[in-house]
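All remarks here apply to the structure that follows.
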Amino acid sequence: MTAAICSALVDLARQRQTELDERIAAWRQEPGAGVRLWCGPGCGNCCTLTVNCTLAEALAIRAVLDDPLWDRLTATTEKILTHARQCGDTRAFLSGYRKAVGPCPFLDARANCSIYDHRPLACRALLATRPPDWCGGNLAGLSGYEREAFLAGLDRSVVAFPTHYAAVPRELAAESERGLALAMIRFFGFGVTGNLPLLVWLGGQDGWEEALAGWPAQFQQFLNSHNINHPFLVQIEIP
Ligand code: SF4
């Protein structure tokens with residue numbers, strides 16, 4: 001039963017991802033949305049940031065991973081868990097993530113996404129209105145003057161200020177993510193979102209489906225057994 005529900009969630013995630021691509025394409029055709037977007041093949045600068053996704057999307061990725069990708073995912077997950085153990089709060093976790101964990105395990109040697117057709121909504125919606133250096137750099141390290149110049153160069157009618165990423169795609173993705181979280185709540189009574197590599201890895205661990213079916217005690221025990229009961233790694237929504 002749980003396997004059938006997970007399969008339905010995966011189908012729904014793929015449907016929502018296709019819909020998001022279509023909605024973003026439609027947005028780009030709208031008058032006034034003709035902003036230059038710098039994203040393209042061979043640029044994985046934003047893939048060194050923390051990415052969150054819904055459980056449904058993580059399960060969809062888990063279903064297509066081959067052994068080499070699984071090995072890379074496992075190595076990255078170990079780094080994430082080590083980093084999480086050393087951080088007391090979300091702020092410390094996020095600010096040190098790039099240095100401690102490195103790029104997404106699905107980024108290939110040519111800086112392309114090796115699971116491109118299956119990448120989560122958050123990745124599809126992160127579209128840069130400034131050159132790639134701004135995605136790979138550490139904005140917190142800018143001087144006051146540099147930061148002011150960066151902010152002054154942003155088109156506030158387009159970006160999710162104070163970032164240089166277009167706002168509309170992110171809003172559309174948030175709507176779709178919400179729909180997936182609500183679908184999971186309908187099926188299981190609770191929703192799960194969290195760190196992308198970690199959720200994909202969790203979906204491949206023994207006892208995963210039983211833990212979902214045994215919410216709340218069995219699921220909490222499952223998280224504890226993997227030492228991942230941190231709010232900045234896995235977020236649980238209870239209606
Ligand atoms: S899933 Fe793909 S697009 Fe998303 S962060 Fe990883 S490599 Fe980049």
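Please list, in order along the range 114-119, the HN-Hα scalar couplings obtained from phi with the Karplus expression 6.51 cos²θ - 1.76 cosθ + 1.60 (θ = phi - 60°), rounded to whole Hz, x for Gly and Pro.
Listing the rounded values in order: 7, 10, 3, 5, 10, 4 Hz.
Let me know the charge dipole size of the range 67-115 about its Cα centre in debye, to the nearest 20, where only the beta-carbon of Lys, Arg (+1) and Asp, Glu (-1) is charged.
Details: 7 positive and 5 negative charges, 53 e Å.
Using Cβ point charges on Lys, Arg, Asp and Glu, the range 67-115 gives about 260 debye.
Once you have the alpha carbon radius of gyration of the range 164-239, what is it after dividing by 2.2 N^0.38 Å, with N set to its residue count?
1.20
For the range 2-237, what % of the accessible area comes from carbon and sulfur atoms, probe 1.4 Å?
Answer for the range 2-237 is 52 percent, counting heavy atoms of protein chains only.
Would you mind calculating the relative contact order of the chain from Cα pairs under 8 angstrom and at least 6 residues apart, reporting the percent as a whole number?
30
With θ set to phi - 60° and the Karplus curve 6.51 cos²θ - 1.76 cosθ + 1.60, what are the ³J(HN,Hα) couplings of the range 36-44 in order, to the nearest whole Hz, using x for Gly and Pro?
My calculation for the range 36-44 gives 6, 10, 9, 5, x, x, x, 10, x Hz in order.
Considering only protein heavy atoms, what per residue accessible area in square angstrom results for the chain with a 1.4 angstrom probe? Let's see the in-between values first.
On the way: 12180 Å² over 239 residues.
Ligands and nucleic acids excluded, the result is 51 Å² per residue.
Can you give me the convex hull volume of the Cα atoms of the chain, divided per residue and expressed in Å³? The partial results should precede the final answer.
Values: hull volume 31.2 nm³, N = 239.
Enclosed volume per residue, from the Cα hull, is 131 Å³.
Sequence-distant or interchain residues sharing an amide H contact under 5 Å with Asn52, placed H: which?
Leu196
When all protein chains stay in place, what accessible area (Å², nearest 10, 1.4 Å probe) is found for Phe161?
The value for Phe161 is about 80 Å².
Keeping all protein chains in position, work out how much accessible area Ser225 exposes to a 1.4 Å probe, and write it in Å² to the nearest 10.
Rounded to the nearest 10, that gives 90 Å².
For the pair Trp27 and Asp67, what calculated FRET efficiency results from E = 1/(1 + (r/R0)^6), where r is the Cβ-Cβ distance and R0 = 45 Å, to the nearest 0.05?
Working: r = 38 Å, r/R0 = 0.85.
According to the calculation, E is roughly 0.75.
Round to the nearest 10 and report in Å² the accessible area of His118, as given by a 1.4 Å probe over the protein chains' heavy atoms.
Accessible area, nearest 10 Å²: 60 Å².
Sum -39500 (n - 2.57) across every DSSP H segment of at least 4 residues in the chain, then divide by the residue count to get the 222 nm mean residue ellipticity, nearest 500.
Helix contribution divided over all residues of the chain: -16500 deg cm²/dmol.
Roughly what would the spin-label model give for Ile238 and Ala109, points 7 Å off Cα along C-beta, in nm?
Result: 4.8 nm between the two label points.
The values are calculated or read from the model by the stated rules, or taken from the named source; none is laboratory data. Worth saying up front: this structure is predicted, and the values here are computed from it rather than measured. Heads up, the Cβs are rebuilt from the backbone with ideal geometry, glycines too, and the neighbour counts pull from every protein chain shown. Heads up: the accessible areas ignore ligands, DNA and RNA and are worked out on the full protein's heavy atoms, side chains in. Shrake-Rupley method; radii C 1.70, N 1.55, O 1.52, S 1.80 Å.
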